[in-house]
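None of the figures in this text is laboratory data; all of them are computed from the coordinates on show. Since the structure is predicted, the reported quantities are computational estimates derived from the model, not experimental observations. Positions of Cβ are generated from backbone atoms using ideal geometry, with glycine treated the same way; all protein chains shown enter the neighbour counts.
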Amino acid sequence: MIDFINLLYEGEFYVEEELIIKAKSGEVRAFTDLVHSIENDLYRIAKTRLDNDDDICDAIQETMINAYKHLKKLKDNSHFKSWIIKILINECNKIYKTKKRKEKLLKKITKEENIQPIDESVNLVDSKINFELLVEKLPYEEKLLVTLFYYNQYSCTEISEIVGMNINTVKSKLKRSKEKVKKYYEGGLLHEQ
Amino acid sequence: MNNNYDEIDNLFFQYFENNQEVPRIITNCIETAMYKSKNKYGITILIKKIIITLISFITVTGGMVFASNIIKNFFNNSKGLDTAVENGYIEQGGENVVSNNTDITVKNFLMDDFNLSFTLEMKFDESIDINSIYRITLPNLMITDEQKRIIYCIDETTFKEYCQKNNLNYSWNEFNDNHLRSGANWYIKDKLTDSNSVELVYNLYSDKYPKSKYLYLNFSEISIQNNPNDNSITHTIDGNWNLDLEVPEKFYNRESIIYTVKECSDSTINVTDASLYDTCFKLEFNTKVKPIYQENDSEEVKNEKMQALTEWNMKEKAEWRTMVYDEYIIDNSGNKFYPLRSSSEDSMTSYLPDGQFIHMQTFDLTKYNKNANTITLYLKINLPYTQKDVKIVLERQDS
């Protein structure tokens, strides 16, 4: 019901198709409204890569500028969301890499795959395992796939197109994330008992 | 719970459903992205300059028809705001403040129920090359008034410090008469090389600004980004700028003019607000139409009906037929006025499952437009089972 009301709750928020048509004809306002209509999705996806809201702002703004510039090249309007998400993922990666390069100059860092993985950060000795914590501690790539699958509700085929990954790899990584979370979540509950 | 998924899947779904909130800074940055990008594209700037030149030419020569669709952009893209400014609804700012060799003045400002717009003139010292500036942000800008109402603040630390210092019990996450929910967009309007200064325009908008008599603008950081392809901040200027504005009586004594319904083509329409302001005309009405589904429908039937409605709505909108469309106002002299779309406060339409239908829209008719004692509003309502042309005749209460 909530999704439905949001869709029919207009104002500046017209349906995506109409806004795309207007945006392609040069209406900046329509393009801004279009992005507003999917800001939750963009924020969630950017958050899988960037922790800082300022960085997320920058990524989204650069995404908007690039997307607006190339909007006329989008042939199928129904793919707008997945198309702009692809651009956003690239922008987030750019910012992430720039930051990491700078950090490397200042201090020694661990390898990316070891930064706060579930294995190290979850304290099985303490009380109840928090499901939220488990999700947030997933490595970037798994967190991105999980977000695209459970939050954006894309199919594995769509996800493989967005992230440029083989569909079987998408499926196996999703399965692995789920097993990982399940292991620690259920393990925590057992320990609490 | 979805029966096709196991417990862990459903926990994932639940996790994302419980984490839907988007910080306001994100919404604000989306709102401002394209305004800032205008400075990136020379062609856009060139077109703007041509339009401004054309307007000046028309004003000087006189005797020419002023094209009604040229918006001057005093502050934002609202024709209503422009009309107000043209008729003197604008005020010069106060004294300048210099901190860390950066001299800032509020050049002009405007405040009404829905808008607070101002232009900052920022003079930098020679170390800053204004021609290289791509973007300026004031990350901890805070605007308060003499009643200690927080008109605008996007930095939580600044907010909390202010509340602590003034013994205020405001909540960052709660909006009310003391902590207003303000949207904002800002952009560089002009660069003046002679004085090495930049004009930065801010447009704040809300559904109801108070009748403040003094406004206090405070910030201690100016972030400058030069390279459009590099997100890092080129310069940060730290300082302390406290700009005080005395709000003129024409702003704080503003009154709206109420209109009443003289005639309506549809007796089920209930006009709840029809008011004329300095910068716009605001209309709100509600009506009852066929419910989307019945309360005793099963979940499956409800979902099906919603889905069918959504698909219908999308098809209609592809043909430019939104739930309310083709709306305009005609005054006594036959002049037409159109919907404003300069901010999210300008328009709202909702169709609820129980059949309640509510519409609000502002138009570019203002108190400064004459011949508006009686106005006629036309619009089309477009819903499944309900398509109608609506005509509402409204009369000024004080005429």
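Shielding of peptide A:26-33 by partners, expressed as the average count of other chain Cβ atoms within 10 Å per residue Cβ, is 4. With a simple spin-label model that places each label point 7 Å from the Cα along the Cα-to-Cβ direction, the separation between A:TYR140 and B:ASN167 comes to 5.0 nm.
Oblate is the label for the range B:234-366, because a/c, from the alpha-carbon gyration tensor with a ≥ b ≥ c as root eigenvalues, is 1.5 or above and a/b does not exceed b/c. Note that the range A:58-72 has calculated 3J(HN,Hα) couplings of 4, 4, 5, 5, 5, 4, 4, 5, 5, 5, 4, 4, 10, 4, 5 Hz, one per residue in order, obtained from phi through the Karplus relation 6.51 cos²θ - 1.76 cosθ + 1.60 (θ = phi - 60°); glycine and proline are x. Here r is the Cβ-Cβ distance between B:TYR378 and B:GLU146 and R0 is 56 Å; the resulting FRET efficiency, rounded to 0.05, is 0.85. Residues considered: B:PRO23, B:PRO210, B:PRO248. Largest GNM mean-square fluctuation over chain B, using C-alpha springs under 10 Å, is found at B:PRO23. Amide H of B:ASN196 versus every other amide H placed in the peptide plane: which residues, excluding those fewer than 5 positions away on the same chain, fall under 5 Å? For B:ASN196, whose amide H was placed from the backbone, there are no distant partners under 5 Å.
Each residue in B:ILE330, A:ILE85 was given a count of other beta-carbon atoms within 10 angstrom of its own, and listing them fewest first yields B:ILE330, A:ILE85. So the label point goes 7 Å from the Cα of B:ASP273 along Cα→C-beta, right? Which residues of the range B:330-357 then have their backbone N under 13 Å from it? Inside the label zone: B:345-349. Considering only B:ASN131, B:ASN19, B:ASN166, the Gaussian network model of chain B with Cα springs below 10 Å gives its largest mean-square fluctuation to B:ASN19.
Structure note, pairs A:LYS73/B:LYS189; B:LYS290/B:LYS388; B:LYS211/B:LYS391; A:LYS97/A:LYS137; A:LYS24/A:LYS81; B:LYS107/B:LYS191: Cα-Cα distances above 23 angstrom occur for A:LYS73/B:LYS189; B:LYS211/B:LYS391. Net charge of the neighbourhood of B:LEU245, taken over other residues with C-beta under 15 Å away and scored Lys/Arg +1, Asp/Glu -1, is -4. Taking 4.7 Å between C-beta atoms as the pairing limit, chain B has these partnerless cysteines: B:CYS153, B:CYS163, B:CYS264, B:CYS280. Each of A:TYR185, A:TYR96 was scored by other Cβ atoms within 10 Å of its Cβ. Arranged with the fewest first, they read A:TYR96, A:TYR185. In order along the range B:240-247, the Karplus-derived 3J(HN,Hα) couplings, from 6.51 cos²θ - 1.76 cosθ + 1.60 at θ = phi - 60°, round to 8, 10, 10, 10, 9, 10, 8, 7 Hz, and Gly and Pro are given as x.
Shape class for chain B: oblate, because the ratio a/c of the largest to smallest gyration tensor axis (alpha-carbon atoms, square roots of eigenvalues) is 1.5 or more and b/c is at least a/b. Comparing B:MET314, B:MET360, B:MET111 in a Gaussian network model of chain B, where Cα atoms under 10 Å apart are tied by springs, the biggest mean-square fluctuation is seen for B:MET314.
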